[in-house]
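Scroll down for the structure; my scribbles are underneath it.
Bear in mind that the values in this text are calculations on the coordinates, not laboratory data. It should be emphasised that the depicted structure is a prediction, and the values quoted were computed from it without experimental measurement. Backbone-built Cβ (ideal geometry, glycine too); neighbour counts: all protein chains shown.
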Amino acid sequence: METRRPYPSDVSDEEWAFVAPYLTLLPEDAGQRRYPLREVFNGLRNLIKSGAPWRWIPHDLPPWIIVYQQTRRWLEAGVFDALVADLRLLLRLQAGRQGQPSAVILDSRTVQSTPESGSRAGYDGHKRRKGSKVHAAVDTLGQLLTLHVTPANEQDSAQVARLAAAVQEVTGAHVELAYVDQGYTGAEPAAEAHGHGIELQVVKLPTARQGFVLLPLCWRGCILPPLPV
């Protein structure tokens, strides 16, 4: 960073102090290390923040193939999973909550497809959009627990079993309740959740409404009410 202008995506000193122990798989002075690990991480952050292809990483950051290979090592070592789990624990304790949540929120979001999506894309008739659907589970503070991606035509209710199993694995089977919208209504998703020790609670829309109405619980940027879990 001493020889280039900083990018908005560069990791701050405070952030680097937190993430460096997770990312350092080899000693900093390892003989095969050609680029500072912090700059490699900055290359990955630049890619994620900009949404650019790997080969478009700026030339004053480490070469894209170096960033790609190191990212694969990080993923295979599970460092990001460990980092997110520990950060979620710290944020929950800071907010006066238990370390592991007993309630979660399940929801999905349809993402517009790109030419590269090919056969992986599907058409979401409700959202009138072709692309992929991100199915996510978060705690009541909005902290991510697990997610997976399907074609956009996959129904939300069909993902309950997979999300419930992943949530219980991440939290040590601590979750008892899951808030969902009406897309998860039905006996089958309720039974699949119950099979993993979770009760589904459907948050219904008001019967009469005009324009945008904020639901009591959601995970994309809304303010959550104080909950005891």
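Quick notes on this structure:
- Taking 0.36 nm per residue of separation and subtracting the Cα-Cα distance, full extension of the segment from TYR7 to ALA158 would add 50.2 nm.
- Calculated FRET efficiency, VAL111 to ARG33, Cβ-Cβ distance, R0 = 30 Å: about 0.25 to the nearest 0.05.
- Computed extension gain for TRP56 through GLU169, at 0.36 nm per residue and net of the alpha carbon distance, reaches 37.0 nm.
- Residue-by-residue Karplus 3J(HN,Hα) for the stretch 80-93, coefficients 6.51, -1.76, 1.60, Hz, glycine and proline x: 6, 4, 5, 4, 5, 4, 5, 5, 4, 4, 5, 5, 5, 5
- Across every direction, the projection of the convex hull enclosing the Cα atoms of the stretch 13-77 has a mean area of 4.6 nm².
- Spin-label pair VAL134/GLU199, simplified geometry with 7 Å Cα→Cβ offset, distance in nm: 3.1 nm
- Calculated over the stretch 99-202, the projected area of the Cα convex hull averaged across directions stands at 6.5 nm².
- Extreme residue, positive dipole direction of the stretch 99-202, given options SER113, ALA136, GLY183 (C-beta unit charges): SER113
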